[in-house]
Amino acid sequence: MALINLRLMAKQQTGTIKTVRVGGEMGLRIREMGLVPGTEITIQGRAPLNDPVALRVMGGTLTLRNNEADYIMVEVADPPQPPRKECC
Amino acid sequence: MQLRMALAGNPNAGKTTLFNQLTGARQHVGNYPGITVEYKEGFLRHAGTAITLVDLPGTYSMTAYSAEELVARDYLVNERPQVVINIVDASNLERNLYLTCQLLELGVPLVIALNMVDVAKSRGIEIKADILATLLRVPVVPIIARSGFGTKELLEACIATAREESTWDPRDLSYGEDLDTTINELVALIGTAGLMSDLYPPRYTAIKYLENDDQILVKGRQSDPDTAKKLEGIVSLSTEHCQRTLDVYPEAIIADHRYGYIKSILRQGVVSHAFDTDRLYTSDKIDKVLTNRLVGPLVMLLILFTLYSFTFTWSEAPVAWLEALFARLSDLIDGLLPDGLFKSMLISGVIDGVGGVLGFVPLIMFMFFGIAVLEDSGYLARVAFMMDRVFRIFGLHGSSVMPFIVSGGIAGGCAVPGVMATRTLRSPKERMATLLTVPFMNCGAKLPVLALLIGAFFSDNKARYMFLFTMLAWVVALLAAKLLRSTVLRGAPTPFVMELPPYRFPTLRGLFIHTWERTYQYIKKAGTVILGISVLLWALMTFPGLSVEEQAVFQGQREQLLNASQPAAAPVTVEGERKAAEVDPEEDMDASLGLRLAVIDNAEQEAALRNSLAGRFGTALESVSRLAGFDWRTNIALVGGFAAKEVIVSTLGTAYSMGEVSLEEAEPLTRRLQKDPNWNRVVAVAALVFIMFYAPCFVTVVCIARESSWKWAFFSMTFNTFMAFAMAVGVYQVGMFFNLG
C-alpha cells in the first residue's frame with residue numbers, strides 16, 4: 001500500500017481516503033460530500049484541460065479541482081495500477 | 001386540519017420532482033420577509049387535511065454557504081413546520097443521509113421519503129425501508145417521485161407524524177471521547193445561560209460552535225456576549241487540542257463521526273447489493289463520450305449551438321407575431337385618438353416600452369425551456385465540469401459558460417435571459433461577476449448597429465469584422481470579470497466540489513413548470529418597472545417640445561411647398577395631401593412632393609429632438625464626447641440606446657434627418673454617415689466599442705436589479721459606461737493620432 005496525493009492518481013485508479021487536511025468552508029464542503037477518511041474513491045476521468053477531476057464516491061460522481069484535490073491523501077494499492085478484481 | 005410542512009433534501013435527489021408531483025400547479029413563489037430570497041410554496045389536500053408545503057433549497061448539509069441556504073435553515077427554526085419531509089436518493093443513500101443526520105440532531109419532526117427506489121433496484125441496490133426506519137426511529141416511505149408511486153403513503157405518514165409529535169426530539173450523536181467532553185461542557189454553559197434555547201437545542205448549538213458556523217457565532221454574540229465569549233474560548237482550546245494531538249480540525253472529526261454513524265446503520269442489513277456495484281452504469285457510459293477529452297468539447301459546442309439556434313429560430317415567429325400585434329395596437333390607437341401628447345405617450349412610451357418587454361417573452365420561454373432540458377437531464381453540470389479550467393482563469397466558474405452564450409457569445413443572443421440564466425450558479429461571487437459581465441456580449445439588438453456601422457465603413461470585410469467584434473466581446477467580458485473579481489468582488493474561488501448527477505430523461509411536466517415559473521416572474525416583475533422607465537425615456541425625448549414660433553416655421557415651409565406644387569387645386573389639408581402622395585406613388589410630381597414633405601417633417605423632428613431634454617443632454621455632453629469623436633447626434637442616439645440598443649439606429653436616423661429609417665433598410669443612413677465629416681473609420685470603431693460595452697439596456701438593468709440589487713444595477717450602468725467610454729476614447733485618440741480615419 002502507498003499513500004499518494006489525489007492529484008497524482010491515474011484514471012480508473014481506486015483508493016481509500018486517509019486524510020483531508022483542510023479547514024474552513026473548503027473543508028466543510030469537501031467533507032459534506034462524503035470525502036472523509038475511510039471512503040473509497042475511484043478516479044472516473046478528468047476534464048479536457050486535465051482539471052477538474054471526476055471521482056466516483058459512494059455511488060455518485062463528484063468533481064474536484066486539482067488544487068482542492070491537493071488536500072486529500074489517498075491510500076492506493078502498490079504499485080499504482082488499476083486493481084484487478086481478484087482480491088477478497 | 002391545517003398542516004405546514006417543509007421539503008428538504010440534497011440537490012439532485014428529486015426534490016423538485018416530488019414537490020411538483022405533490023402540489024401540481026397549486027404553487028406560488030413568495031419572498032421571505034425583509035429579504036429578496038425567494039421560496040416556493042405549494043398547496044394540497046389529503047384525507048381532509050389542508051397542507052402547505054414549502055420547498056427549501058437543496059443542500060448537502062445544514063451548513064449554509066449562501067443567503068438562500070441560510071434562509072432555508074432559518075425557516076426550519078423560525079417557522080417550525082409541523083413535519084419536514086427529507087427526500088433521499090436511494091441509489092446514493094450514504095451521502096444523502098448526511099443531511100438527515102443533521103436534521104435529526106436539530107430534532108425536527110422528520111419523515112424520510114426514500115426516492116428513486118426503482119433506479120436503485122436497476123443498479124442492484126435494495127434498501128430495507130423498515131430496518132432503516134427502526135434504526136433511525138423515523139418513518140421511511142419508499143417512493144418514486146417521477147411516477148407518484150408511494151406519495152399517498154408518504155402523506156399519510158406525514159399526517160400521522162404531525163398528530164403524534166408536537167415537541168422536537170433532538171438526537172445525540174457521539175463524536176468521540178475528546179469532542180463529546182467539549183460538547184458536554186458547551187451544552188452545560190448554553191443550558192444555564194439559555195443561549196438561543198428558544199430556537200435551537202443546546203447540543204445543536206454546541207456542535208455549530210465547534211463547526212465554526214458564522215451565523216451561529218454572530219447570533220450568539222448578539223444575544224449573550226458573555227456566554228458567547230466563554231463558548232468561543234472553550235472551542236478555540238479544543239481546536240488547538242485537536243490540532244496538536246490528532247492533527248485534525250474539530251469539524252473534520254464531526255464529519256467523520258457522522259459518516260461513521262451512517263455507515264454503522266447501513267451495515268445493519270439496510271442495504272443489500274444484488275450484483276457488483278462497480279458495474280458501469282448507463283450514465284457513466286454516456287459520460288465516456290460526452291466528457292471525453294477530445295469528443296466532449298466538440299459535442300458540447302454542437303449541443304450549445306443547437307440550443308442556441310433552437311431558441312432563436314423557434315422564437316422568431318412568435319416574436320414577430322407579438323411585434324405585429326403591438327404594431328396593430330399602435331395603429332389602432334393612432335386612428336382612434338387625436339394627435340397630441342397623450343397619444344404620443346401611449347404609443348411611444350407605453351406600447352413601445354411594454355411591447356418591447358413582452359416581445360422578449362417567447363424568446364425567454366424557449367431559452368428557459370432549453371436550459372431546463374440541459375439542467376434536468378444533468379448535462380449542464382458536465383458543461384461546467386469541462387469549461388471550469390478556462391473560466392477559472394478569469395475568476396469565474398464552469399457554470400458561467402451558459403449565461404455568456406445565451407447573452408450573445410455567439411452573436412445574436414439576449415442579455416435578459418442571460419442574466420436570468422446566472423441562477424444556475426451556486427457560488428455567490430462568481431455569480432455576481434457573471435451577472436455583471438454578460439451584458440458585454442453582442443446581443444441581437446446590437447446587431448443592427450454593428451451591421452450599420454460595419455456596412456458603412458468596412459463593407460469589404462463584413463464577415464471578418466463581425467467575427468472580430470464577437471471575439472472582442474468575449475475578451476472584454478472575461479477581462480472585465482477578472483477585473484471585478486480582483487477588486488469589488490475579490491475573494492477566493494468557491495470550491496468546485498460539485499456533483500455530476502446521473503443522466504436522466506427530464507419529465508415534460510417538470511420542464512413546463514420550470515419554464516413557466518421563470519417566464520412568469522419575468523413578465524410580472526420586469527413589466528411594472530419597465531413601464532415607468534419607458535415613459536420616463538419617452539418624456540426625456542419629447543419635452544420640452546418646439547415653441548409655437550418654431551412649429552410655425554416648419555408649418556410655413558410645408559404650406560409654401562404645397563402651394564407651389566398645386567396652385568390650382570382646391571384647398572386641402574396638409575394631412576390629406578400627404579396621404580394622397582403616398583397612395584399615388586406612380587406620379588412623379590406627387591412622389592417628389594411626398595419626399596420633400598418628409599424632409600421637412602424630419603427636419604422638424606430633428607429640431608424637436610435637439611430641443612428635448614435628451615437632446616440638450618446630448619449637446620451638453622458634446623464637449624466630453626468629442627474625446628471619442630461623438631457629436632451631439634450620436635449622443636442622443638446613445639441615450640436612446642439605453643431604452644433598447646436597436647433604437648440607436650432609428651434615433652441616428654432621426655437625428656441625421658434622412659427620411660424613414662427602418663431596421664431593415666438602413667441604406668440611406670449608411671450613405672449619409674459615410675459622407676458626414678464627423679464620421680470616419682476610427683469614429684465608427686470607437687462608436688462600436690462604446691455601443692457594445694456601455695450601460696446595458698434598461699430591461700437588462702431591471703433584471704440585474706431583480707437578480708441582485710439596485711445597487712449592483714446602478715454599478716453596472718456606471719461601470720460599463722465609464723469603461724466603454726475610456727475604451728472608445730482610447731480607440732479614437734490612437735486611431736486619429738496614426739491618421740487611420
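Which of the helices (runs of 4 or more DSSP H) found entirely inside the range B:234-340 contain at least 3 residues meeting this: more than 14 Å from chain A (Cβ to nearest Cβ)? Even if it seems obvious, please write down each step before you answer.
Working: elements: B:250-267, B:282-290, B:295-314, B:316-336.
Those helices (runs of 4 or more DSSP H) span B:295-314, B:316-336.
In summary, helices (runs of 4 or more DSSP H) completely within the range B:103-195 and bearing 3 or more residues that are loosely packed, with under 14 Cβ neighbours inside 10 Å occur at B:151-164, B:176-193. Assess whether B:A162 counts as being more than 14 Å from chain A (Cβ to nearest Cβ), out of contact with any Gly (no Cβ under 9 Å at 6 or more places or on another chain) and modelled with pLDDT under 95. For B:A162, the condition - more than 14 Å from chain A (Cβ to nearest Cβ), out of contact with any Gly (no Cβ under 9 Å at 6 or more places or on another chain) and modelled with pLDDT under 95 - is met.
Residues of the range B:426-455 being modelled with pLDDT of 85 or more and among the aliphatic types (A, V, I, L, M), which ones? Hits for the range B:426-455 are B:M432, B:A433, B:L435, B:L436, B:V438, B:M441, B:L453, B:I454.
Within the range A:17-76, considering only strands (runs of 3 or more DSSP E) that don't extend past its boundaries, which have at least 1 residues that are touching a Ser or Thr at 6+ places or on another chain (Cβ under 7 Å) and at negative phi? Show your work before the answer.
Working: elements: A:40-46, A:53-57, A:60-64, A:72-76.
Passing ranges, in order: A:40-46, A:53-57, A:72-76.
Report, by residue number, each residue of the range A:19-34 that is more than 7 Å from chain B (Cβ to nearest Cβ) and under 15 Å from the mean Cα position of the chain (by Cα). Give the derivation first.
Taking the range A:19-34 as the starting set, the residues that turn out to be more than 7 Å from chain B (Cβ to nearest Cβ) are A:19, A:21-22, A:24.
Across the range A:19-34, the qualifying residues are A:T19, A:R21, A:V22.
For the residues B:I454, B:I405, the requirement of being in contact with a helix residue (DSSP H, G or I) (Cβ under 6 Å, 6 or more places away or on another chain), surrounded by fewer than 24 Cβ atoms within 10 Å (Cβ to Cβ) and more than 25 Å from A:A47 (Cα to Cα) singles out B:I454.
So that you can scan it fast, the table gives a plain yes or no per residue for (1) over 20 Å from B:N78 (Cα atoms); (2) under 40 Å from the mean Cα position of the chain (by Cα):
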{"position": "B:T182", "(1), (2)": "yes, no"}
{"position": "B:L186", "(1), (2)": "yes, no"}
{"position": "B:Y200", "(1), (2)": "no, yes"}
{"position": "B:L210", "(1), (2)": "yes, yes"}
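The one condition from (1) assigned by TED's automatic domain parsing to the domain that holds B:A206; (2) within 40 Å of the chain's Cα centre (by Cα); (3) β-branched (V, I, T) that B:V140 does not meet is (1).
Selection of the range B:246-261 for residues being surrounded by fewer than 17 Cβ atoms within 10 Å (Cβ to Cβ) and in contact (Cβ under 8 Å) with a residue 12 or more places away in the chain yields only B:L246. In the range A:35-50, the qualifying residues are those that are of a type in the set (A, V, I, L, M) and under 12 Å from the mean Cα position of the chain (by Cα), and the one that is nearest to the other protein chains (Cβ to nearest Cβ) is A:V36. For the criterion of being aliphatic (A, V, I, L, M) and more than 30 Å from A:T63 (Cβ to Cβ), B:L346 passes.
Determine which member of the set A:V53, A:V74 is more than 10 Å from chain B (Cβ to nearest Cβ), under 30 Å from B:I127 (Cβ atoms), crowded, with 20+ Cβ neighbours inside 10 Å and touching a helix residue (DSSP H, G or I) at 6+ places or on another chain (Cβ under 7 Å).
Details: A:V53 fails: more than 10 Å from chain B (Cβ to nearest Cβ).
One residue alone meets the criteria, A:V74.
With respect to the conditions (1) of a type in the set (A, V, I, L, M); (2) within 22 Å of the chain's Cα centre (by Cα); (3) at pLDDT below 85, B:A477 falls short on a single one, namely (3).
Yes or no, residue by residue, for (1) closer than 30 Å to B:V235 by Cα; (2) assigned by TED's automatic domain parsing to the domain that holds B:G233; (3) modelled with pLDDT of 95 or more:
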{"position": "B:R123", "(1), (2), (3)": "no, no, no"}
{"position": "B:I127", "(1), (2), (3)": "no, no, no"}
{"position": "B:S147", "(1), (2), (3)": "no, no, no"}
{"position": "B:R171", "(1), (2), (3)": "yes, no, no"}
{"position": "B:E185", "(1), (2), (3)": "yes, yes, no"}
{"position": "B:I190", "(1), (2), (3)": "yes, yes, no"}
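So if I check each of B:R426, B:R389, B:R382, which one is free of Cβ contacts under 8 Å to residues at least 12 places away in the same chain, within 26 Å of A:N67 (Cβ to Cβ) and either assigned by TED's automatic domain parsing to the domain that holds B:L302 or in contact with a Phe, Trp or Tyr (Cβ under 6 Å, 6 or more places away or on another chain) (or both)? Residue meeting the stated conditions: B:R389. A residue that is crowded, with 20+ Cβ neighbours inside 10 Å, under 37 Å from the mean Cα position of the chain (by Cα) and within 13 Å of chain A (Cβ to nearest Cβ) can be found somewhere in the range B:213-228.
Scanning the range B:484-499 for residues that are aliphatic (A, V, I, L, M) and either over 22 Å from B:V406 (Cα atoms) or at pLDDT below 85 (or both) yields B:V488, B:L489, B:A492, B:V497, B:M498. Restricting attention to the range B:43-91, the residues that are in a helix (DSSP H, G or I), within 14 Å of chain A (Cβ to nearest Cβ) and at pLDDT below 90 add up to 4.
Of these, B:F326, B:F342, which one is without any contact (Cβ under 8 Å) to a residue 12 or more places away in the chain and under 28 Å from B:A608 (Cβ atoms)?
Every option except B:F342 fails the conditions.
The single condition among (1) in contact with a Lys or Arg (Cβ under 9 Å, 6 or more places away or on another chain); (2) within 24 Å of B:A255 (Cβ to Cβ); (3) part of a helix (DSSP H, G or I); (4) at pLDDT 90 or above that B:Q21 does not satisfy is (2).
The values are calculated or read from the model by the stated rules, or taken from the named source; none is laboratory data. None of the values given here were measured: they were computed from a predicted structure. Ideal geometry is used to build each Cβ from the backbone, glycine not excepted, and the neighbour counts take in all protein chains shown.
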